[in-house]
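**Q** After the structure tokens below, expect a handful of questions from me.
Nothing in this text is a laboratory measurement; each read-out follows from the coordinates by a stated rule. All figures in this text were calculated on a predicted structure; none of them were measured in a lab. Note that we place each Cβ from the backbone using ideal geometry, even for glycine, and neighbour counts take in every protein chain shown.
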Amino acid sequence: MEGSGKSSTFEAFPVELKDYYRKLFGSEAEEIMASLRTPVEKYYIRVNTLKTSREKLMRILRREGLKPRRSPYLKEGIYFEREGPNFEDNYDPGLPVVRANKFASESVYQGAHLYAPGVLQANKGIKPGDEVEIRDPRGLLVGIGIARMSGKEMVVSTRGLAVEVTLPKFKLPSLNELESFKEGLFYAQSLPSMVTARVLEPSEEDLIIDMAAAPGGKTSHIAQLMQNRGEIIAIDKSRNRLRKMEEELNRLGVKNVKIIRMDARKLPELGIKADKILLDAPCTALGIRPKLWESRTPRDIKATAKYQRAFIWAAIKSLRKDGVLVYSTCTISLEENEANVKFMLEKGLKLEEQGLFIGSAGIGLEKVQRFYPNRHLTQGFFIAKLRKV
Ligand code: SAM
């Protein structure tokens, strides 16, 4: 398919989902969908206060050539401004085409280089040193760069740099090669994710259960807020994600976490009564940015909301009287968010005020916090705090 299929005019959202959004968000729906297609405007990291302070880390990052800024909301928050868009949606540079899979395309779109495993097809005439354009499977231009392999090689190789990207559509900083990252001085984490651990208000004496914990972003934040004291039981069912989590906890120097691999819906079988539970539920992830295109539909929303209720049941049973449940998702549907909170209210939980509130109120529900990609320039996100009375 040499040089073919350059069209970037395709439906980024299934029609049923568009209709769903229009019904739920009214005239704001188009803006929300447009924001979801771009990376976040402010890219956040969390200072690991177990190892350093924000001031020290800012100095180190500046020395490493970056432009860190302080979050006005969180003293452990630092962000970097996104660069771009570097070209318009309809830009056609007319270069030989390298087509990347969706995952690799989303990375290039945010400024990463293209590696051979992500290449689907390439113009056979491409030689190392040639300038090429990178397109996603549907033809959207995600970046321009210099080929570091021949077209043939980049399709068959299972490793190595295929294209050094010189002009991505957007650019977020790449931080994983920094010394400060390897030393565990920070964790890349979205602003609403950080707000979630703050809303839980962990204290040093608490027994906390994190029911869907891997790869450990919120667990490690809770641990640092507890100064590595108290106890966190971190549960997840995914072996691979838990392996990643162990690596991350080691890198960050977290020591108060016990990891259990299990189906969190069976949590009551452990017979533990927790002071606080975080249920960062598996969800449809409709709020995650950027999305070159979305494939989920309202059917997925319904099925996922039902799945989440089993976790909610398990959480309620495993919470001590007067204990606190924080429920969060990285999705923007009603069923997975406010409707599930209403289910919790029917089961006797009470909504609590959130100590840090920088989003918007929920749809038809006060006290819960919604982050809108277009209004708050973050991922789409939802946080509720409840008490078992
Ligand atoms: N809290 C994590 C963080 O901040 O890094 C992200 C969690 S992610 C939103 C949801 C997690 O739920 C995934 O890691 C997934 O493996 C896990 N999960 C899905 N179904 C599960 C189940 N039945 N029991 C336990 N974990 C499950």
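**Q** Distance between Cα centroids, segment 63-103 to segment 348-366: provide it in whole Å.
**A** Spelled out, the Cα-based centre of one part sits 32 Å from the other.
**Q** So what is the calculated 222 nm ellipticity per residue for the chain, using -39500 (n - 2.57) for each DSSP H run with n of 4 or more, over all residues, to the nearest 500 deg cm²/dmol? Present the calculation step by step, with values, prior to reporting the outcome.
**A** Working: 12 runs with 113 residues, N = 389.
The helix-only estimate for the chain comes to -8500 deg cm²/dmol at 222 nm.
**Q** Can you work out the FRET efficiency for the pair K127 and Y73, with r the C-beta to C-beta distance and R0 = 30 Å, to the nearest 0.05?
**A** About 0.05, to the nearest 0.05.
**Q** Give me Rg/Rg_expected for segment 1-131, where Rg uses Cα atoms only and Rg_expected = 2.2 N^0.38 Å with N residues.
**A** Dividing the Cα radius of gyration by 2.2 N^0.38 Å gives 1.41.
**Q** Explain nothing, just the number: dipole magnitude of the chain about its Cα centre with +1 on each Lys and Arg Cβ and -1 on each Asp and Glu Cβ, in debye rounded to the nearest 20.
**A** The dipole magnitude comes to about 900 debye.
**Q** Starting from the 7 Å offset along Cα-to-Cβ, what nm value, one decimal, do you get for the label separation of E164 and L66?
**A** Simple spin-label model gives 2.3 nm for this pair.
**Q** Also, quick follow-up: Contour minus end-to-end for N228 and T49, with contour as 0.36 nm per residue of separation and end-to-end as the Cα-Cα distance?
**A** On the way: separation 179, 0.36 × 179 = 64.44 nm, distance 1.04 nm.
Additional length available on full extension: 63.4 nm.
**Q** Full-extension gain between A34 and K255, please, as 0.36 nm times their residue separation minus the C-alpha to C-alpha distance.
**A** Full extension from A34 to K255 adds 75.4 nm.
**Q** Continuing with this model, one more query. In the neighborhood of N240, defined by Cβ-to-Cβ distances under 12 Å, what is the net charge if each Lys or Arg adds +1 and each Asp or Glu adds -1?
**A** Values: positive: K237, R239, R241, R243, K244, R261; negative: D236, E246, E247.
Computed value for this residue: +3.
**Q** A further question on this structure: Which log10 I(q)/I(0) values does the chain give at q = 0.14 Å⁻¹ under the Debye formula, counting every alpha carbon as one identical point scatterer?
**A** Here log10 of I(q) over I(0) equals -1.27.
**Q** Report the residues of segment 166-180 in range of a label on E41: point 7 Å along Cα→C-beta, backbone N strictly under 19 Å from it.
**A** Flagged as within label range: 169-173.
**Q** Sticking with this one: How do the peptides 357-365, 97-105, 319-327, 212-220 rank, highest first, by the average count of neighbouring beta carbon atoms within 10 Å per residue?
**A** Numbers: 357-365: 15.6, 97-105: 21.7, 319-327: 19.9, 212-220: 24.6.
Packing order, densest peptide first, comes out as 212-220, 97-105, 319-327, 357-365.
**Q** Still on this structure, please answer the following. Using a simple spin-label model with points 7 Å from Cα along the Cα→Cβ vector, what separation in nm is obtained for V389 and K347?
**A** 1.8
**Q** Rounded to the nearest 0.05, what FRET efficiency is calculated for K56 and N86 with R0 set to 41 Å and r the Cβ-Cβ distance? Could you put the intermediate results ahead of the total?
**A** Working: r = 33 Å, r/R0 = 0.80.
According to the calculation, E is roughly 0.80.
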